[in-house]
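Here the structure is laid out as structure tokens; the discussion comes afterwards.
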Amino acid sequence: MPTAGPTRKMWQRMVAIMLTMVIITGSVMAVRLAWIMVVNGEEYQAKASAQQLHDAYITAERGNIYDSTMNLLAKSSTVWTIYSTPNDIAKIKDPEEKQKVINTLTEGLSSILSIEKEEVEKKLGKTTSYYVEIKKKVGEEETSKVREFLNNNSKLGLANYIGIDESSTRYYAENIASTVLGFVGDDNQGLSGLELKYDEELTGVAGRVVAAKNAVGADMPFSYEKVVDEQPGNSLVTTIDPYVQYVVEKHLDAAVKDNKVAERGACVIMNVNTGAILAMATKGDFDCNSPFTLSADDQAIVDALEGEERSKKLAELRNRQWRNKVVSDAYEPGSVFKVITAAIGIEEGVASLNTTCNCPGYIVIAGRRYNCHKETGHGMQDMKKAMDNSCNPFFISLGQTIGTNIFSKYFKAFGLTEKTGIDLTGEAASQYHLEQNMGPTELGSSAFGQTFKITPIQLITAISATVNGGTLVKPRVVEKIIDSEGNVVKNLGTVEKRQVISKETSKIICDLMESVVAEGGGQNAYVPGYRIGGKTGTAQKVSEMLSTGKQGLYVASFCGVAPMNDPEIAILFLLDEPHGDSYYGGTISAPPGGQILAEILPYLGYEPQYTEEELKDLAKTVPNVAGLDIAAAKNAVKNEGISYKVIGGGEKVVKQLPAAGNSVYSGGVVILYTDSEAPTETVKVPLLTGMTISQVNSVAVQYGLNVSFKGNTNSAKAVVSFQQSIAAETEVERGTVIEVYFRSNETGDIGG
Ligand SMILES: [Zn+2]
């Protein structure tokens with residue numbers, strides 16, 4: 001559980017001890033004051049009382065956190081602390097007046113600030129204290145009511161006993177990237193994520209004020225002198241792209257729910273050349289504005305318990321939702337790791353695209369039998385086929401050829417034995433076989449990504465090195481640090497750690513990964529118009545299954561790269577312990593991974609380049625025909641290769657469905673209404689799942705509906721629809737566009 005570091009407390013104590021001066025000048029300052037608790041200890045209390053002085057510091061405004069487009073992700077906003085100086089009340093000589101002051105304050109403050117009367121009375125009764133907080137983080141409306149109340153009671157001099165300090169609270173504008181941003185505690189101190197990692201930068205330097213008592217008259221109980229000016233905290237400009245982050249969170253959240261994922265899901269998108277993280281998400285996570293609130297499901301689990309068990313579970317679940325899975329949870333990567341094994345073999349010259357290995361469905365290493373996920377065997381495999389099919393025996397055999405010495409050397413060179421050093425807190429270390437402990441079986445399982453654990457951030461960084469020309473870069477979330485005026489204090493540019501493989505090897509890996517998406521186990525991530533590469537994984541959680549006795553625990557993942565002619569973007573998408581229809585990475589992680597790429601690549605400036613075949617499959621755009629004569633409208637629609645249906649007997653088109661600009665597929669229909677009085681034709685949406693592309697198209701055409709194909713729409717493959725945007729049996733207008741999602745089920749890659 002994250003806790004506030006000791007530094008601030010120690011510093012506070014130090015400053016408190018340093019207080020000795022008496023300075024009596026100036027007027028009451030309208031500054032953000034947070035009194036050091038000089039009056040906490042009896043000793044200090046006595047001292048302060050005797051000298052009639054106390055000290056304060058002015059907290060500097062905490063810096064902001066921006067996304068890569070300079071939108072605010074985290075900022076400080078103004079709130080107020082209402083406090084009292086009970087020591088002054090105690091000094092009122094007339095007992096009747098004193099009681100009246102206490103009664104009026106108790107009544108007024110408890111009602112305005114919604115605090116129990118007893119509580120207010122108790123605080124006002126702390127007669128040895130100069131400073132007692134009545135309420136923190138009070139909003140503007142309540143604060144002005146307090147001011148009004150004090151003014152209305154000026155005869156009683158209430159303003160002499162109540163103070164209003166401005167302070168600040170943290171506000172997270174977009175509520176995205178919560179596990180990256182983290183959150184702050186009551187005193188605005190960073191407790192996790194960037195807020196903790198860069199706490200010192202963000203906090204700034206507090207100013208100091210020394211105050212003396214009652215020097216200039218009864219209506220001005222304190223005078224202050226500012227000794228040191230506060231310096232506002234610096235701000236962080238992150239590499240997080242708000243749109244990419246939004247797209248990632250949308251698809252990750254849906255995938256976690258749809259696939260009944262028990263141990264949450266994670267996704268990260270990184271620039272393979274610079275290490276800049278464009279998006280990083282964990283679901284379920286938390287709301288930065290309310291980090292202690294659990295999800296409804298988690299809260300129900302806690303509520304079912306009592307006593308110590310309850311508090312233990314509450315702490316555990318809070319901790320879990322705060323954990324950034326991308327950096328804090330090491331896992332067995334499974335088949336995605338085969339990319340690394342291939343890179344090692346090719347770089348060392350012990351393997352090439354022509355390397356072959358026969359897969360009879362298993363392989364025996366040192367007397368131990370390892371099965372392939374295809375029990376009947378893949379037959380003779382070369383490197384490309386083995387990668388497409390994710391054939392276990394091929395890669396186990398390749399591992400044996402590489403040998404423990406070389407394998408361990410590259411495992412280290414790819415950064416898998418050390419933390420990446422990403423600028424986030426809580427980065428976990430990896431767990432792996434040391435070279436001296438690595439026998440043939442450990443080498444065999446390691447070669448296909450099992451029996452060792454690395455973090456998602458380590459894996460995507462290593463995969464990035466395999467496709468970017470061979471350089472291991474340091475992943476990072478902050479691009480630069482700026483001061484309160486916007487001047488750059490520090491630029492945190494690209495850090496290249498070392499060259500791990502050659503450009504030539506890297507090029508071969510790119511081709512292999514592209515083939516996986518075009519023809520192999522990653523085809524559900526196919527995006528028309530783009531050259532995408534990738535590798536899927538369905539890793540068994542072996543140690544968890546052994547320790548819990550549970551069966552069927554997997555991590556389903558997809559690692560993608562684009563565009564393959566000059567890789568720039570890598571994505572790692574993983575679902576930890578899915579319990580839905582499928583647990584295969586190729587079936588449940590590649591589709592959202594591909595969909596994310598489809599939505600972000602055009603935004604990031606990559607123009608799609610369609611093949612002829614893709615063009616043929618592509619949607620036609622509905623022209624604008626509203627207002628046209630019926631004959632002209634029919635022609636315009638027909639010229640786009642779309643059919644039409646006319647409703648009503650008028651001369652002109654008054655309405656069309658779908659509207660102009662929508663896309664419909666071949667066989668699609670536009671409904672032309674020629675008369676505003678014409679009744680709307682409705683139809684019940686048919687079930688469109690479990691079908692091929694052409695089946696869905698023909699059913700939709702029969703119903704007078706339009707479809708927009710999403711997901712893996714590579715029509716050359718055996719893809720099947722699995723989701724539709726409007727549920728079957730819903731009554732809709734004819735011509736409505738329904739989004740239908742496709743995926744291939746031929747993506748087995750189990751056991752790594
Ligand atoms: Zn095989």
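The values are calculated or read from the model by the stated rules, or taken from the named source; none is laboratory data. Note that the coordinates shown come from a computational prediction; the quantities given were computed from them, not determined experimentally. Here the Cβ is made from the backbone with ideal geometry for all residues, glycine too, and neighbour counts use every protein chain on show.
Residue under question is Gly449, and the condition is that it be more than 13 Å from the ligand (Cβ to nearest atom), assigned to a loop (DSSP other than H, G, I, E, B), touching a Ser or Thr at 6+ places or on another chain (Cβ under 7 Å) and at positive phi; does it hold? In short, yes.
Filtered by the rule that a residue be away from the ligand (no atom under 16 Å from the Cβ), part of a loop (DSSP other than H, G, I, E, B) and touching a strand residue (DSSP E or B) at 6+ places or on another chain (Cβ under 8 Å), the range 366-424 gives Phe414, Gly415, Leu416, Ile422, Asp423.
Are any residues in the range 339-365 in contact with a Cys (Cβ under 9 Å, 6 or more places away or on another chain) and within 14 Å of the ligand (Cβ to nearest atom), and if so, which ones?
Result: Cys357, Cys359, Pro360, Gly361, Tyr362, Ile363.
Residues are listed down the side, and each one gets a yes or a no for (1) among the aromatic types (Phe, Trp, Tyr); (2) buried (at least 23 other Cβ atoms within 10 Å of the Cβ):
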| site | (1), (2) |
| --- | --- |
| Tyr370 | yes, no |
| His378 | no, no |
| Ala386 | no, yes |
| Phe394 | yes, yes |
| Gly403 | no, no |
| Ile406 | no, no |
| Lys409 | no, no |
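Within the range 366-378, residues that are in contact (Cβ under 8 Å) with a residue 12 or more places away in the chain reach partners that are away from the ligand (no atom under 13 Å from the Cβ) and in a loop (DSSP other than H, G, I, E, B) with beta carbons closer than 8 Å, at six or more positions or on different chains, in the pairs Ala366/Gly439. Just the residues that are of a type in the set (A, V, I, L, M) and closer than 20 Å to Ser328 by Cβ, please, taken from the range 544-579. Residues satisfying the conditions are Leu553, Val555, Ala556, Ala570, Ile571, Leu572, Leu574, Leu575.
Taking the range 527-550 as the range and being in contact with a helix residue (DSSP H, G or I) (Cβ under 8 Å, 6 or more places away or on another chain), surrounded by fewer than 22 Cβ atoms within 10 Å (Cβ to Cβ) and within 19 Å of Phe448 (Cα to Cα) as the test, only Gln540 passes.
Each row is one residue, and each column tells you yes or no for (1) farther than 16 Å from Leu73 by Cβ; (2) modelled with pLDDT of 95 or more; (3) crowded, with 20+ Cβ neighbours inside 10 Å; (4) not assigned by TED's automatic domain parsing to the domain that holds Phe558.
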{"position": "Gln245", "(1), (2), (3), (4)": "no, yes, yes, yes"}
{"position": "Asn259", "(1), (2), (3), (4)": "yes, yes, yes, yes"}
{"position": "Thr274", "(1), (2), (3), (4)": "yes, yes, yes, yes"}
{"position": "Ala281", "(1), (2), (3), (4)": "no, yes, yes, yes"}
{"position": "Ala304", "(1), (2), (3), (4)": "yes, yes, no, yes"}
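When Ser328 is tested against (1) in contact with a helix residue (DSSP H, G or I) (Cβ under 9 Å, 6 or more places away or on another chain); (2) away from the ligand (no atom under 16 Å from the Cβ); (3) within 30 Å of Thr505 (Cα to Cα), only condition (3) is not met.
Condition check: buried (at least 18 other Cβ atoms within 10 Å of the Cβ) and assigned to a loop (DSSP other than H, G, I, E, B). Does Leu672 satisfy that? So Leu672 does not fit the description; no. Within the range 421-429, the presence of at least one residue that is crowded, with 22+ Cβ neighbours inside 10 Å and within 28 Å of the chain's Cα centre (by Cα) is confirmed. Being within 21 Å of Leu196 (Cβ to Cβ), hydroxyl-bearing (Ser, Thr, Tyr) and assigned to a strand (DSSP E or B), is that true of even one residue in the range 284-294? No: zero hits. Contact map, the range 541-569: residues that are part of a loop (DSSP other than H, G, I, E, B) paired with residues that are surrounded by fewer than 24 Cβ atoms within 10 Å (Cβ to Cβ) and of a type in the set (Lys, Arg), Cβ distance under 7 Å, separation 6+ or inter-chain. Pairs shown: Leu553/Lys541; Pro563/Arg531; Met564/Arg531; Asn565/Arg531. Filtering the range 145-167 to residues that are in a strand (DSSP E or B) and within 42 Å of the chain's Cα centre (by Cα) leaves Gly163, Ile164, Asp165, Glu166, Ser167. Taking first residues from the range 721-738 that are in contact (Cβ under 8 Å) with a residue 60 or more places away in the chain and partners that are surrounded by fewer than 22 Cβ atoms within 10 Å (Cβ to Cβ) and among the charged types (D, E, K, R), the Cβ contacts under 7 Å between residues at least 6 apart in sequence or on separate chains come to Glu733/Glu681; Arg734/Glu681. Taken as a whole, the condition of being in contact with a His (Cβ under 7 Å, 6 or more places away or on another chain) and free of Cβ contacts under 8 Å to residues at least 60 places away in the same chain does not apply to Cys357.
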